[in-house]
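Below is one structure, written out as C-alpha cells; the observations come after it.
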Amino acid sequence: MVVTGGGTGGHTYPALTTVRTLQARLAATGGMLDVLWVGAADSLESRVAASEGIAFETVATGKIRRAANPLKLASPANVRDMGRVPLGVAQARSIIAGYGPDVVLATGGYVAVPVGLAARMCRRPLVVHEQTVRLGLANKTLARVAARVAVSSQSTLELLPPGLRAAAVVTGNPVRPEVLTGDSHRAVEMLDLRGFDPRRPTVYVTGGAQGSQQINTLVAEILPWLLQQANVIHQCGPGNVDTLRRRTAQLSAEAAGRYFLAGFMGPELPDVLALADVVISRSGAGTIAELTVLGKAAVLIPLASSAGNEQAHNAQHLAATGAAVALMGEVSAADLQAAVAPLLTDPGRRAAMAARARDHGRPDAAERLADIVLTAARTALD
Ligand SMILES: CC(=O)N[C@H]1[C@@H](OP(=O)(O)OP(=O)(O)OC[C@H]2O[C@@H](n3ccc(=O)[nH]c3=O)[C@H](O)[C@@H]2O)O[C@H](CO)[C@@H](O)[C@@H]1O
C-alpha cells in the first residue's frame, strides 16, 4: 500500500490510524502490510512516519492559495507552486511504478494531489478519504479519478456532485486509538494539577496544533471569571506561551492553581480530554471527530479563513442538533462567557450536549476505512 496525505494533523493522523489498523488486522491473520508513505519533505507527515517506523519518500508539492478574487489565483506564489505539481506527479509516478502497490490511500492536503494523480496514471486503485463535511480542494481533484471516496459524514453525500456519489461511502473520520483510552486521574498526576478543585468542572481550551490567537485573547479576557467556575487547561500554541504567561500574571495564587498552560499537548492529550468536562476549541475535522467519539460538551469557534469555510460548516453541523455551541463571525469575550456559563453551572445541560455529540461520533471509522482499502486492494489483485 502507498499512503499519502499531510501538511496538518487533520490529514496526517487519519492516515496513520488507518495504516495501524491495517497492520494490526493483517498481523492477526498471519499477514503483513507493506506500506510506503509518500509526503512532503520536512513536514508533519515525514516526522510522524519516521517516529512510527514507516518507510517514507518525498515528492515536490505546491500549496494552491485560494483567493477571494479569482484573478489573484495567478499570484507569483501560486504560479511557482503550480509549477511544482507536474514535478511532483513525475516523482510520484516513478515511486508508484517502482513500488507497485495494490492500493493507494490519499487523506488530503496538497501533497496528496500528485500522488493520487500518479496512482491513476499507474492504474492503481485510489481510495480518497475526506475528513470534513465538504470536500477539500485536493480531494475534489482526486475524487474524479478515485475508485472509492470515503467521507466522514452522511451529509457530505448530499453535497457531492451526482457523478461522484456512486463511488462514495460513509466511514467517519478515524481517531487515534489512544485518544479513546485517556485517564483523568493520570492527567492530574502527570501534569501535577494539585491546585485543581475536583468539585469544579474542568475546561480544556485548544486552538489546534498551532494554537489560536483569537481563542487565546478571548479566554485571557474571561479568565478571572472562568477560574471562579472551573479548572482550566489551556493549549495556546507553541509560540504563544510567553505572551499568555504575561497576560495571566495578575491571577491570584488560588486562581492560578486552577490554571494549566501549555503550548502543545503531546502524549498527555488523551488524558486531558478524559479530564475535560467542557471544551472550547477550533472546529477542525480531527478535533471534532475526537470530541464526538468521546462525547464532550463543546463551544466551537471556527477558523473563519479555513478552506471553503469548512470549519464554520463543521461547527454549524454539530450546533444544528445541539451537539455543540457554535460562535460564528465576530466573537466577543461576552459571547464566549455567555456560551460557556450554562454548561458550567448546569451539569444536566452539559450531559445532554455530550450525549448529542456522541451521536455524531464514529468509533469504528478506522475499521470501516480499512475495509474499503482492503476491498480496493483485492479488486486490483483479482
Ligand atoms: C488550519 C487548517 O488548515 N485546518 C484544517 C486542518 O486542521 P488541523 O490539522 O489544524 O486541525 P484538526 O482539528 O483537524 O486536527 C488537529 C489534531 O491535532 C491534535 N492536537 C492538537 C493540539 C495539540 O496540542 N495536540 C494535538 O495532538 C488534535 O487532537 C487533532 O487530532 O485539517 C482539518 C482536516 O482536513 C481541517 O478540518 C482544518 O480546517
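Working only within the stretch 304-358, note down all residues that are open to solvent by 40 Å² or more (accessible area, probe 1.4 Å), at pLDDT below 95 and closer than 19 Å to Val293 by Cβ.
Residue satisfying the conditions is His317 alone.
Output the number of the condition that Ala262 fails; it satisfies all remaining conditions of (1) among the small types (Gly, Ala, Ser); (2) under 18 Å from Ser184 (Cα atoms); (3) buried (at least 23 other Cβ atoms within 10 Å of the Cβ); (4) within 11 Å of the ligand (Cβ to nearest atom).
(3)
Spot the failing condition for Ala285; the list is (1) within 16 Å of the ligand (Cβ to nearest atom); (2) modelled with pLDDT of 95 or more; (3) of a type in the set (A, V, I, L, M), and only one is missed.
Of everything listed in (1) within 16 Å of the ligand (Cβ to nearest atom); (2) modelled with pLDDT of 95 or more; (3) of a type in the set (A, V, I, L, M), Ala285 misses just condition (2).
Considering only residues of the stretch 23-50 that are part of a loop (DSSP other than H, G, I, E, B), small (Gly, Ala, Ser) and away from the ligand (no atom under 14 Å from the Cβ), which is surrounded by the most Cβ atoms within 10 Å (Cβ to Cβ)?
It comes out as Ala40.
So which of Arg66, Arg20, Arg80 ends up being modelled with pLDDT of 95 or more and open to solvent by 60 Å² or more (accessible area, probe 1.4 Å)?
Of Arg66, Arg20, Arg80, the one residue that is modelled with pLDDT of 95 or more and open to solvent by 60 Å² or more (accessible area, probe 1.4 Å) is Arg20.
Pairs only if they're at least six apart or on different chains, beta carbon under 6 angstrom, first in the stretch 125-136 and farther than 13 Å from Gly286 by Cα, second within 12 Å of the ligand (Cβ to nearest atom) and open to solvent by 10 Å² or more (accessible area, probe 1.4 Å); list them, first residue then second.
Here the result reads Arg134/Gly308; Arg134/Glu310; Arg134/His313; Gly136/Ala307, each pair linking the stretch 125-136 to a residue that is within 12 Å of the ligand (Cβ to nearest atom) and open to solvent by 10 Å² or more (accessible area, probe 1.4 Å).
Condition (residue is more than 22 Å from Thr379 (Cβ to Cβ), outside the structural domain of Leu273 (by TED's automatic domain parsing), out of contact with any Ser or Thr (no Cβ under 8 Å at 6 or more places or on another chain) and at pLDDT below 95) applied to the stretch 164-177: is it met by at least one residue?
So far as the stretch 164-177 goes, no, none of its residues is more than 22 Å from Thr379 (Cβ to Cβ), outside the structural domain of Leu273 (by TED's automatic domain parsing), out of contact with any Ser or Thr (no Cβ under 8 Å at 6 or more places or on another chain) and at pLDDT below 95.
Do you know which residues across the stretch 226-258 are more than 30 Å from the chain's Cα centre (by Cα) and surrounded by 15 or more Cβ atoms within 10 Å (Cβ to Cβ)?
Scanning the stretch 226-258 gives Leu251, Ala255, Ala256, Gly257.
Give the number of residues within the stretch 8-60 that are touching a His at 6+ places or on another chain (Cβ under 7 Å) and either closer than 19 Å to Ala92 by Cα or free of Cβ contacts under 8 Å to residues at least 40 places away in the same chain (or both).
Matching residues across the stretch 8-60 total 0.
The values are calculated or read from the model by the stated rules, or taken from the named source; none is laboratory data. The structure presented is a predicted model; accordingly, all values stated were derived computationally and were not measured. Cβ atoms come from the backbone with ideal geometry, glycine included; neighbour counts cover every protein chain shown. The protein model used for the area step is the full one, side chains on, heavy atoms only, and it has no ligands, DNA or RNA in it. Shrake-Rupley method; radii C 1.70, N 1.55, O 1.52, S 1.80 Å.
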